[in-house]
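One structure below.
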Amino acid sequence: MYKIAVIGDKDSVLGFKALGLEVHPVDDVDQARRAVHTLAKENCAIIYLTEQLAAQMGQEIARYKDSLTPAIILIPGKEGSLGIGMANVKTAVERAVGADIL
């Protein structure tokens, strides 16, 4: 069975535990990198990752970009949105549709 996980700073991710998601609070980018690779090996279908960590993890995110699993979805952290997640959604829609409809 596939899992859904959330990776980010403690304050940003603990609320997701109430929804039944697997929560991985991390203190730095190296812990986040290890968590992403571990979850990818453990049949995790979706990984929600805070934008603040994703800004420093370009290589790891690119590695899984065209893979079926895990889908890495960027979410805003407690500091607010950096716009990275929305830019990724816009790019994915352009690739799928062939035009910018957003």
Checklist entry - Taking the Cα-to-Cβ direction at K17 and at L68 and moving 7 Å from each Cα, how far apart do the two end points lie in nm? => result 3.3
Checklist entry - Once the Cα gyration tensor of the chain is diagonalised, what are the square roots of 5 times its eigenvalues, in whole Å and ordered largest first, as equivalent ellipsoid semi-axes? => result 22, 16, 13
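Over the chain, what is the relative contact order in whole percent, taking alpha-carbon pairs under 8 Å and six or more residues apart? Working shown, then result.
Numbers: 151 pairs, mean separation 24.7, N = 102.
24 percent.
Do the sum for the chain: with -39,500 (n - 2.57) for every DSSP H run of n ≥ 4, divided by all residues, what is the mean residue ellipticity at 222 nm, to the nearest 500 deg cm²/dmol? Intermediate values should be presented prior to the final figure.
Numbers: 5 runs with 42 residues, N = 102.
That comes out to -11500 deg cm²/dmol.
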Checklist entry - Cα axis of helix 84-97 to longest principal axis of the chain: angle in degrees, 0 to 90, nearest 10? => result 40
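Which is the longest run of the chain containing none of the GluC sites (Glu not before Pro) found in DSSP loop states (not H, G, I, E, B) with at most 15 other C-beta atoms within 10 Å? Display every interim value, and only then the final one.
Values: sites that count: E42, E79.
Here the longest segment lacking exposed loop sites spans 1-41.
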Checklist outcome for this item: For A96 and I46, extending 7 Å from Cα along the Cα-Cβ vector and measuring point to point gives, in nm, a value of 1.3
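Hey, what's the chain come to in accessible area per residue, 1.4 Å probe, Å²? Write out the running numbers ahead of the final one.
Working: 6400 Å² over 102 residues.
For the chain, the per-residue accessible area is 63 Å².
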Item to check | Amide H within-cut-off set for A71, under 5 Å, with H built and near neighbours excluded | outcome: I46, I47
Next on the checklist: Given contacts defined as C-alpha pairs under 8 Å and at least six residues apart, what's the relative contact order of region 1-53, whole-number percent?
Outcome noted: 48
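Just the number, please: carbon plus sulfur as a percent of the accessible area of the chain, 1.4 Å probe, no ligands or DNA/RNA counted.
Numbers: 3440 of 6400 Å².
Here it works out to 54 percent.
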Checklist outcome for this item: Most fluctuating of A54, A18, A45 in the GNM of the chain (C-alpha, under 10 Å) is A18
Next on the checklist: To make sure I understand the rule: partners must be lysines, Cα under 25 Å from the Cα of K78, and not fewer than 8 residues away in the same chain. Which ones qualify?
Outcome noted: K3, K10, K17, K65, K90
Next on the checklist: If I fit a long axis through the Cα atoms of helix 29-41 and take the longest principal axis of the Cα atoms of the chain, what angle between them do I get, 0 to 90°, rounded to 10?
Outcome noted: 80
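The values are calculated or read from the model by the stated rules, or taken from the named source; none is laboratory data. Quick caveat: nothing in here was measured; it's all calculated off a predicted structure. Here the Cβ is made from the backbone with ideal geometry for all residues, glycine too, and neighbour counts use every protein chain on show. Surface accessibility is based on the protein's heavy atoms, side chains included, excluding ligands, DNA and RNA. Shrake-Rupley method; radii C 1.70, N 1.55, O 1.52, S 1.80 Å.
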